[in-house]
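Worksheet: the structure to be examined is printed underneath.
Read-outs throughout are calculated quantities, based only on the coordinates presented, and are distinct from any laboratory measurement. Model, not experiment: these values are computed from the prediction. Methodologically, a virtual Cβ is constructed for each residue, glycine included, from the backbone with ideal geometry; neighbour enumeration extends over all protein chains shown.
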Amino acid sequence: MLLRKTSLCLTALAIIMMLLAACQPGKPAATQQEQPPAAAPTASPAPTLTPTVPPRLLTICLGQEPSTLYAYGSSSRSTWSVLEAIYDGPFDTRQYSAQPVILQKLPTFADGDAVIQPIGVQGGEAVINTEGELVALEKGTQILPSGCTSLDCAIRWDGVQTLTMDQLVLTFKLLPGITWSDGTPLKASDSVYSFKIASSPDTPVNRSVVHRTVSYQALDDLTVEWKGVAGYIPQRFETLFFLPLPEHAWKGLSPKQLLSEEIASKKPLGWGAYIIQEWVAGDHIRLSKNPAYFRAAEGLPKFDNLVYRFLGEPLDNNLAALLSGECDVIDQTSLLDEQLEMVLELQQAKKLKAYIGLGPEWEHVDFGIKPASYDDGYSTFSGDRPDFFSDVRMRQAFAYCIDRQGIVDKLLYGQSQVPASYLPPSHPLFTDDVAPLPYDPTVGRNLLQELGWRDFDGDPNTPLVAANVLTVPPGTPLSVNYYTTQSPLRVEVAKRIVASLAECGIQVNVNYLTPGELYAPGPEGILFGRKFDLVQFSWDSGTVPLCLFYESGQIPSLENNWLTLNVTGYTNADYDNACKAARAARPDQWEQYVQNHQTAQRIFARDLPVIPLYFRPKLVISRPDFCNMQIDVTTRSAMWNLEVFDYGQNCP
């Protein structure tokens, strides 16, 4: 539960530190730094002794123990916090841009290692249609013929004429001299082997890229060639290179066996800075420096040994473990945002360092603009919920009546900001000519009055009532149901939203659900079954802006098996056109790509299918003498550059 702390926070933690120092057993022998042996007494004159330098140890503490270290077995943050030590790259994403690590470069059209070529297609073949969907070509399919780069020249195939479309071909080249930690050369065929594993139905991964790949082959030991299905020309090429896996060590195992075999799930081979030595379930994973690391000549990594410890619950243990010296770093899997105030106090007292990044995850309140019950037509006589939110002025009124900046200031202690749209200002596609509506309950009440909502009894504790609202029966109270999960932060946010909206005459009834209940699939689920008035949760907008989430074609329904993402039911043809044009833009059409994404943001910020609340902070803490931690919210883990981590006298 989020409670405002006072200076007693520091006193309490100091007591915890003393108790830990007095009664806590030491780290397991496998994780302790070795001490120089004491010199034995000798006769005079004593021989000259060479001091023994103890191995250097880095301890990173995680909130949760990984379920597996198999890269295709889990994509959790705790898994990738560890795998960053095993695999360095293939790419690091910095400021939304991919930086090659084990490849010589990203393919480009200018260099000729990215090529768009015409290819003949026939009925029944997989192609990308103008909606960006992977479909089997048939009569009536709308596509972009070869040389056509916009919807203006799209055609519908007549099922007869010879058809030519464009195909993207990419060539990736590995850096020479990289080896697996057992000394075996890392080869292009290891990436092809990985592609084959990802293609297996026994491998639990998203196969979107696999299905859009015509061929993936090694041209030589360092060169991989990727060819896509006709019409598939994405903006980001790094998503088309598959993480190499050690074919020489795993080739005797099936994709299904790899999910559980220790050689893949507990001690996977890598080419990164460290090698796994042991995994003690429930306690720690110990690694040692990889002598074959391709950056070893740079003096990397900085430590001889690396240990990941699993802290678990309660959350207070996490800060105490850092302050007692048990941990050098605590990563973001420890839910430190729930302890943000205490972390900031301890940083002010120079007891630790805090590293905070914003997004791309953002918290928002979604309107049930079109509940699933409206799919057969809206009628209050058939029991449909009143149509509260189809008028954009209603959604704007709610936004004016919620003190979002107060939530950021009071609950996140000013360490976030209110979004204007679904992209953070740091994103290269963000448009700076949109801004979040300010907290102004007077404007909000005026909009409600304009819409036909009235205060008949003058009682501030009762909701407004519909008088002449076009889409709501007269006499209907302005009372809505609000759903979210039971996390302490969301509970406090919901309380503030309830209080803010009450000042505008809006009654909110909060329902707290477990994540399993909230995210249950449709048609039964609250969220994906479109059965809510208001719902608070978060999306990760990712590196590529997902305007797709709010396209009208993405409304979950029986027709699409309730598997799509526009849970609000929002529809706007201009928004759809801008988003589709942005998604259809090719890598060599950057200006068109940017313009259409920015147009979509402007429409989104005006129409408000959701109320953006705040960007979720990514919080990592370390000992106060730590250095080289670089938080970048676009990376898969805050541990992305752990090979350069350091502490002590080597740090400025």
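Structure notes:
- Thr213 long-range amide H proximity, modeled H, under 5 Å: Val229
- Given charges at beta-carbon only (K, R positive; D, E negative), |dipole| of segment 269-391 in Debye: 920 debye
- Modelled spin labels at Glu298 and Thr164, positioned 7 Å past Cα toward Cβ, are 4.6 nm from each other.
- Working from Cα pairs under 8 Å separated by at least six residues, relative contact order for segment 360-616 is 30 percent.
- Taking the C-alpha atoms of segment 360-616, convex hull volume expressed per residue in Å³: 126 Å³
- Segment 360-616 - charge dipole about Cα centre, Lys and Arg +1 at Cβ, Asp and Glu -1, debye rounded to 20: 220 debye
- Flagged links, alpha-carbon separation over 20 Å, of Lys266/Lys289; Lys353/Lys618; Lys173/Lys267; Lys302/Lys351; Lys187/Lys302; Lys196/Lys227: Lys173/Lys267; Lys302/Lys351; Lys187/Lys302
- Counting neighbouring Cβ atoms within 10 Å and putting the fewest first, the residues Trp453, Trp250, Trp539 line up as Trp539, Trp250, Trp453.
- Full extension of the segment from Asp433 to Lys410, taken as 0.36 nm per residue of separation minus the current Cα-Cα distance, would add 5.6 nm.
- Note on the chain: dipole from Cβ charges, positive end direction compared against Pro201, Ser74, Leu513; the farthest Cα belongs to Ser74.
- Averaging the sequence gap over all C-alpha pairs within less than 8 Å and six or more residues apart, then dividing by the number of residues, gives segment 285-407 a relative contact order of 13 percent.
- Ranking Ala420, Pro360, Ser500 by Cα position along the charge dipole of segment 360-616, where only Lys, Arg, Asp and Glu carry charges on their C-beta atoms, puts Pro360 farthest toward the positive end.
- Under the span-like rule (Cα at least 20 Å along the axis, Kyte-Doolittle mean at least 0.0), DSSP H helices of the chain: 8-23, 488-502
- In the chain, a dipole from Cβ-located charges (positive for Lys and Arg, negative for Asp and Glu) runs towards its positive end, and of Thr634, Gln589, Leu565 it is Thr634 whose Cα lies farthest in that direction.
- Within straight-line cross-link reach of Lys251, aspartates and glutamates at Cα separation under 12 Å, skipping those fewer than 8 residues along the same chain: Asp190
- Each of Cys327, Cys504, Cys579 has some number of other Cβ atoms within 10 Å of its Cβ, and from fewest to most they run Cys504, Cys327, Cys579.
- Dipole magnitude (debye, nearest 20) for the chain, charges at Cβ of Lys, Arg, Asp, Glu: 920 debye
- Beta bridges by DSSP in segment 360-616, antiparallel share as percent, to the nearest 5: 60 percent
- Ordering 131-140, 58-67, 272-281 by mean Cβ neighbour count within 10 Å, with the highest value first, yields 58-67, 272-281, 131-140.
- DSSP finds beta bridges in the chain, and of those with both partners inside it, around 80 percent are antiparallel.
- Calculated [θ] (222 nm, deg cm²/dmol) that DSSP helices of n ≥ 4 give over the chain, each run adding -39,500 (n - 2.57): -6500 deg cm²/dmol
- Shape of the chain, Cα gyration tensor, a/c cut at 1.5: oblate
- For Trp157, the shell of other residues with beta-carbons less than 12 Å away shows a net charge of -1, using +1 for Lys and Arg and -1 for Asp and Glu.
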